[in-house]
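Here's the structure, in structure tokens; my notes come after.
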Amino acid sequence: MVPLGQEQIVELRQPKEELIALMQQGIAKELAVSVQYMWHHVMGKGLASPSFRKLIRDISIVEMKHAEAIADRLDYFGAAPTTKPVEIKVGGDLEKMISDDLESERDAITLYRQIVAKADSEGDVVTRNLFEDILAAEEEHEAQFSALLAE
């Protein structure tokens, strides 16, 4: 116990470079799908497009919030968040768009499971919790896209 009037110095535990690199990959994916989903929202055509367009618009907003949350965590660690997205896939018919979106979600799920495990191994509870929350959303998005493709 610290006596009253004395400040306690808390040392910031820096994550290993590997965790920072994985988080940078995460933000790059979130930036890409935010743009990809926004364009799919705009480009979606056909009888099934109204429900798809609303869903994809809503998901794109969630993905933007994920990017912001990851950026905040990287900033906390003194790392500048990347501004370069991974490959953005746009175009095609609705089935192609949904297939591309499903693939993006599955890639993110794989990455976020790695980040959760790495953060846990480093004792970084906050990063682990952040990515567990993001992972849960990505799994929901995967289920929504799978349902649209009837997988």
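The values are calculated or read from the model by the stated rules, or taken from the named source; none is laboratory data. It should be emphasised that the depicted structure is a prediction, and the values quoted were computed from it without experimental measurement. FYI the Cβ positions are ideal-geometry reconstructions off the backbone, even for glycines, and counts take in every protein chain you see.
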Checklist entry - Do we find that Arg73 is part of a helix (DSSP H, G or I), crowded, with 16+ Cβ neighbours inside 10 Å, in contact with an Asp or Glu (Cβ under 9 Å, 6 or more places away or on another chain) and of a type outside the set (Val, Ile, Thr) in this structure? => result no
Checklist entry - Does Thr110 fit the bill of being within 28 Å of Arg53 (Cα to Cα) and of a type in the set (Ser, Thr, Tyr)? => result yes
Checklist entry - Got at least one residue in the stretch 136-151 being over 13 Å from the mean Cα position of the chain (by Cα) and among the charged types (D, E, K, R)? => result yes
Next on the checklist: List the residue pairs whose Cβ atoms are under 7 Å apart, where the first residue sits in the stretch 80-99 and is closer than 13 Å to Glu30 by Cβ, the second is among the charged types (D, E, K, R), and the two are 6 or more positions apart or on different chains.
Outcome noted: Pro81/Asp75; Val86/Lys29
Item to check | Whichever residue in the stretch 51-62 is free of Cβ contacts under 8 Å to residues at least 60 places away in the same chain and farther than 16 Å from Glu95 by Cβ and, among such residues, is surrounded by the most Cβ atoms within 10 Å (Cβ to Cβ) | outcome: Ser60
Item to check | Residues (touching a Phe, Trp or Tyr at 6+ places or on another chain (Cβ under 9 Å), more than 20 Å from Ala67 (Cα to Cα) and either surrounded by 14 or more Cβ atoms within 10 Å (Cβ to Cβ) or of a type in the set (S, T, N, Q) (or both)) located in the stretch 130-151 | outcome: Leu148
Checklist entry - Does the stretch 65-76 contain at least one residue that is over 19 Å from Met38 (Cβ atoms), touching a helix residue (DSSP H, G or I) at 6+ places or on another chain (Cβ under 8 Å) and at pLDDT 95 or above? => result yes
Next on the checklist: Just checking, does the stretch 21-30 include any residue being part of a helix (DSSP H, G or I), modelled with pLDDT of 85 or more, buried (at least 20 other Cβ atoms within 10 Å of the Cβ) and among the polar types (S, T, N, Q)?
Outcome noted: no
Checklist outcome for this item: Per the list (1) charged (D, E, K, R); (2) over 16 Å from Phe52 (Cα atoms); (3) surrounded by 15 or more Cβ atoms within 10 Å (Cβ to Cβ), residue check on Asp100 breaks on (2)
Checklist entry - How about the stretch 115-129: which of its residues are surrounded by 16 or more Cβ atoms within 10 Å (Cβ to Cβ), touching a residue at least 40 places away in the same chain (Cβ under 8 Å) and in a helix (DSSP H, G or I)? => result Ile115, Lys118, Ala119, Thr127
Item to check | Residue identified as under 22 Å from Gly91 (Cβ atoms) and not charged (D, E, K, R) among Ala28, Ala67, Ala21 | outcome: Ala28
Checklist entry - of a type outside the set (A, V, I, L, M), surrounded by fewer than 16 Cβ atoms within 10 Å (Cβ to Cβ), at pLDDT 95 or above and part of a helix (DSSP H, G or I), is that true of Thr110? => result yes
Checklist entry - Within the stretch 48-65, can one find any residue that is over 18 Å from Ala147 (Cβ atoms) and touching a Pro at 6+ places or on another chain (Cβ under 8 Å)? => result no
